[in-house]
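Nothing in this text is a laboratory measurement; each read-out follows from the coordinates by a stated rule. As the structure is a computational prediction, the values presented were derived from the model and not from experiment. Neighbour counts are summed over all protein chains in view; Cβ atoms, including those assigned to glycine, are modelled from backbone coordinates with ideal geometry.
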Amino acid sequence: MSVKQRMDEIEKLLNKYNYEYYVLDKPSVEDSEYDRLMQELLSLEEQYPELKSNTSPTSRVGSEVVTAFEKIVHQRPMLSLGNVFNEDEIVKFDERIKKEGFNPEYVCELKIDGLAISLIYENGKLVRGVTRGDGRIGENITSNVKTIHSIPLTLSKNIDIEVRGEIYIDKKEFVRINEERKKAGLDLFQNCRNLASGSVRQLDSKVTAERKLNNFIYHLPNPLDYNINTHSDALKFMSDLGFRVNPKYKICKDINEVIAYINEATEYRKDLPYDIDGVVIKVNDIRMQEELGFTARSPKWATAYKFPAEKVTTKLVDIKFTVGRTGKITPNAMLEPVRVAGSTIRKATLHNEDYIINKDIRIGDIVVIQKAGDVIPEVVKPDLDRRVEVLPKFTMIDKCPVCGTALIRKEDEANHYCPNSKCDARNAQKLIHFVSRKAMNIDGLGERIIEDYYNFGYLTDIPSIYNLKKYKNELQSLEGFGEKSVENLLTAIEESKKNSLEKLLFGLGIRHFGEKNAAIIAKKYRTMDNVKNATYEDLVATSDIGDIMAKSIIDYFKDENNLKMLDTLKSLGINMDYLGSEVTLDERFANKKFVLTGTISAMSRDQLKEIITNRGGNVTGSVSEKTDVVIVGESPGSKYDKAIELGIEIWNEEELMGMIGDSYE
Ligand code: IVH
């Protein structure tokens, strides 16, 4: 037997033992045998590095250290799910589907509380693991994914496939890690989800390997490509390939069976070894799913039932006020620490003056707190039976807690505002919003760092972010920052200059203006100048843009300071154009595999790729039976001949432009 054959043999054995242990939970060999083989493979790889396979089980221990994660555009966007919170809403979800003329069977699954992952396999080998990111662009975390033993490195069939699922951490492992951290005097993780997401985004994959993450796979994006007609068959198919599929899924004949499943899950939830935050309900029939389609954010054929918010009581120790980026003052409850929904809560929102007065909440009260999913915890009400002493009534502050300016309260609003546009708190908050994930998505500029840089004077306003490089040496000398982290930050800042218009528009923090509105406006107006010059009439004529928002946009662009700032950003090289990043599924492209050959005169290859992926299609490198369409430009290569040989559909430039011409200029 050659060395390579022996290495392949060990790889196969280790994969088999690994699968039996971590996926089937039925080990067939002693740990010592597994370790012995691993050692043998490690030493062979050391002697013959050129023979090491990309999917070697030795990568499970974590080998690679990266300086930053590469950003990857998902082949199909990773959508999230709509939510329902009670029986009424579950029935309505079913009724909406019935109204479309279907009478579906559902599959119910546990909603695992972790983070979503997309796994790409080529020829049966794991080639890439990507986080969800903002749904369109995620991060390449392949080396960390390889350390998760329940994720197969090699499948039982040599196929090309993408699957999606959830990475999570077991409750026991969460306790173990926090106990260790406590001993070491380190900050504790708040809950399993935070721990899992912190662990997969470690730059050193050895750290990830130590965290013993786990996974369940629950979604096959293109089942029809594999002749699979139902979601339950997709689950079985993925399980047969070697993926860990949660066994607690159930096919439900009607919505009553769905409700019964939810009731059962609510009962056994606390006994599960992992956290779940609800139940996912999916239409089983794939063609029915396709006909039902998607809204902008989520599939219409699935929804997530979320367990009710957990409520606990604790003492309200103090009320402190914070100033938001619009100057809005929020009263925050300072609480005696209490555990709720897997996290320790020390602070909760009290919304505004009216909320506190109407509920007669007073400092010193025992209050009821609730937390639902990602929502900021809130104080629900005081427990009046437990108010044993006389407590002073709440009174609202009248000056900004940061700059001392007298607060104002507009007639039709419940909120107080600090009117000083130069208030330090407002400025720092504006920067925090600008760099946030849904806005310019600058990694490495967290809330605390911004506040520190702001206090040191390195950051003053939005454009100052792009001048941070001037302070490179100073930044590196700050405690907790190394050369690498500053380098990464500056790269992330430079990268953000290329963002499409909607990210910048959202980042500006225009009042009442959400992420979705930014996308609508960017798509309609295409450039910042067009948005700037838009009239009120034209803005309100846009679907989803109402009177308040249109006025707010007009007000924003009337302000000389804002215009000056935008000019500065432009001169710093920030992109001000819409790059067509929104994915709108187009049936002529969606879920089809395209191959490009030759030169298309109207656009670059990258532009064409983007056009195809933005319509839900995929571009691959070589022509095979699986290719749906070959796009042929001037002077095509051998791919053209192959396409003819295999009888694959061919589009020339004219045909292509006919299909995209209406939306491409
Ligand atoms: S299906 C298009 N199934 O919940 C369908 N998601 O709130 C995509 N999640 O982003 C999702 N368990 O991260 C699905 N059994 C399950 C799930 C699940 C957890 C997560 C997932 C998703 C989020 C939506």
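Determine the distance separating the Cα centre of the range 139-176 from the Cα centre of the range 374-405; give it in Å without decimals.
One Cα centre to the other: 45 Å.
Which entries of Lys532/Lys564; Lys92/Lys300; Lys503/Lys551; Lys206/Lys472; Lys92/Lys381 have Cα-Cα distances beyond 22 Å here? Write out the running numbers ahead of the final one.
Details: Lys532/Lys564 12 Å; Lys92/Lys300 12 Å; Lys503/Lys551 20 Å; Lys206/Lys472 29 Å; Lys92/Lys381 30 Å.
Pairs exceeding the cut-off: Lys206/Lys472; Lys92/Lys381.
Tell me which residues come under 5 Å, amide H to amide H, from Ile600 once H is placed; ignore anything under 5 positions away on its chain.
Distant-sequence amide H within range of Ile600: Glu634.
Could you sort 314-322, 113-121, 379-387 so that the peptide with the highest average Cβ count within 10 Å comes first and the rest follow in order?
Working: 314-322: 16.3, 113-121: 21.6, 379-387: 14.6.
In decreasing order of mean packing, 314-322, 113-121, 379-387 become 113-121, 314-322, 379-387.
For the range 219-229, what does the Karplus curve 6.51 cos²θ - 1.76 cosθ + 1.60, with θ = phi - 60°, yield as ³J(HN,Hα) per residue in whole Hz, taken in order and with x for Gly and Pro?
My calculation for the range 219-229 gives 9, 10, x, 10, x, 5, 4, 10, 6, 10, 9 Hz in order.
Which one of Leu153, Asn191, Pro382 is farthest out on the positive end of the charge dipole of the chain, using unit charges on Cβ (Lys, Arg +1; Asp, Glu -1) and the Cα centre as origin?
Projecting each Cα onto the dipole axis, the largest value belongs to Pro382.
With +1 on each Lys and Arg Cβ and -1 on each Asp and Glu Cβ, and nothing else charged, work out how big the dipole of the range 249-289 is about its Cα centre, in Debye to the nearest 20.
Values: 6 positive and 8 negative charges, 36 e Å.
About 180 debye.
Distance between the C-alpha centers of the range 24-39 and the range 273-310? Whole Å please.
38 Å
Between Ile408 and Thr349, what is 0.36 nm times their sequence separation minus the Cα-Cα distance? Round to one decimal in nm. Show your work: numbers first, answer last.
On the way: separation 59, 0.36 × 59 = 21.24 nm, distance 2.01 nm.
Separation in residues times 0.36 nm, less the Cα-Cα distance, equals 19.2 nm.
For the range 274-279, in order, what is each residue's ³J(HN,Hα) by Karplus, 6.51 cos²θ - 1.76 cosθ + 1.60 with θ = phi - 60°, in whole Hz (x at glycine and Pro)?
10, 7, 10, 10, x, 10
Name every cysteine in the chain that ends up alone, with no second cysteine's Cβ under 4.7 Å, or say none.
Cysteines lacking a close Cβ partner in the chain: Cys108, Cys192, Cys252.
So for each of 84-96, 605-617 I average, over its residues, the number of other beta carbons within 10 Å; can you give me the resulting order with the highest mean first? List each step's numbers first, then the result.
Numbers: 84-96: 15.2, 605-617: 18.2.
With the highest mean Cβ count within 10 Å placed first, the list reads 605-617, 84-96.
Which order, highest average first, do 19-28, 495-504 follow once you tally other Cβ atoms within 10 Å for each residue and take the mean per peptide?
Values: 19-28: 13.8, 495-504: 19.9.
My ranking of the peptides, most packed first, is 495-504, 19-28.
Would you mind checking the pairs Lys212/Lys253; Lys98/Lys516; Lys183/Lys371; Lys347/Lys558; Lys146/Lys592 and listing those with alpha carbons more than 31 angstrom apart? It would help to have the intermediate numbers written out before the result.
Numbers: Lys212/Lys253 37 Å; Lys98/Lys516 28 Å; Lys183/Lys371 29 Å; Lys347/Lys558 38 Å; Lys146/Lys592 29 Å.
Cα-Cα > 31 Å for Lys212/Lys253; Lys347/Lys558; rest within.
If you take the C-alpha gyration tensor of the range 394-539, multiply each eigenvalue by 5 and take the square root, what semi-axes do you get, largest first, in whole Å? Intermediate results must be reported in sequence, preceding the final value.
On the way: eigenvalues 163, 127, 25 Å².
Semi-axes, largest first: 29, 25, 11 Å.
State to the nearest 20 debye the size of the charge dipole of the range 345-479 about its Cα centre, where the only charges are +1 on K and R beta carbons and -1 on D and E beta carbons.
260 debye
Got a sec to turn the phi values of the range 164-174 into Karplus ³J(HN,Hα) couplings, 6.51 cos²θ - 1.76 cosθ + 1.60 with θ = phi - 60°, whole Hz, x for Gly and Pro?
Per residue, the Karplus-derived 3J(HN,Hα) values read 10, x, 10, 9, 8, 10, 5, 4, 5, 5, 4 Hz.
Magnitude of the Cβ-charge dipole of the chain, K/R +1 and D/E -1, about the Cα centre, nearest 20 debye?
Working: 95 positive and 106 negative charges, 286 e Å.
For this selection, approximately 1380 debye.
Once R0 is set to 56 Å, what does the formula 1/(1 + (r/R0)^6) return for the Cβ-Cβ distance between Lys253 and Glu474, expressed as a FRET efficiency to the nearest 0.05?
Numbers: r = 66 Å, r/R0 = 1.18.
It comes to 0.25.
Which one, Thr535, Val29, Ser421, is farthest towards the positive end of the dipole of the chain when Lys and Arg carry +1 and Asp and Glu -1 on their Cβ?
Ser421
Between rounded, prolate and oblate, where does the range 474-612 land on the alpha carbon gyration tensor, with a ≥ b ≥ c its root eigenvalues, rounded for a/c under 1.5, else prolate if a/b exceeds b/c? Intermediate values should be presented prior to the final figure.
Details: a/c = 2.06, a/b = 1.03, b/c = 2.00.
Oblate is the answer for the range 474-612, as a/c is 1.5 or above yet b/c matches or exceeds a/b.
Taking only C-alpha pairs under 8 Å that are 6+ residues apart, what is the relative contact order of the chain in percent?
Values: 1135 pairs, mean separation 61.4, N = 665.
In percent, rounded to a whole number, it is 9.
Quick one: compute the contact order of the range 464-573, relative version, from alpha carbon pairs under 8 angstrom and 6+ residues apart, as a percent. Before the final figure, lay out the partial values.
Numbers: 63 pairs, mean separation 22.0, N = 110.
Relative CO of the range 464-573 lands at 20 percent.
Would you mind ranking Ser199, Ser571 so that the residue whose beta carbon has the fewest other beta carbons within 10 Å leads the list?
Values: Ser199 24, Ser571 10.
Lowest count first: Ser571, Ser199.
Restricting to Cα pairs below 8 Å that are 6+ residues apart, what does the relative contact order work out to for the range 287-374? Please round to a whole percent.
Working: 136 pairs, mean separation 26.5, N = 88.
Here the relative contact order equals 30 percent.
Starting from a Cα-only point model with no solvent, please compute log10 I(q)/I(0) by Debye for the chain at q = 0.09, 0.11 1/Å.
-0.96, -1.46
Shape verdict for the range 23-78, please, from the Cα gyration tensor: rounded (a/c under 1.5), prolate (a/b greater than b/c) or oblate. Please list the in-between numbers first.
On the way: a/c = 2.81, a/b = 1.46, b/c = 1.93.
Oblate is the answer for the range 23-78, as a/c is 1.5 or above yet b/c matches or exceeds a/b.
So what's the range 314-415 giving for Rg/Rh, alpha carbon basis, Kirkwood Rh from the mean inverse pair distance?
A ratio of 0.97.
Determine the distance separating the Cα centre of the range 413-438 from the Cα centre of the range 498-541; give it in Å without decimals.
19 Å
Need one word for the range 230-298: rounded, prolate or oblate. Basis is the Cα gyration tensor (sqrt eigenvalues a ≥ b ≥ c); a/c below 1.5 gives rounded, then a/b vs b/c decides.
Cα axes put the range 230-298 in the oblate bin.
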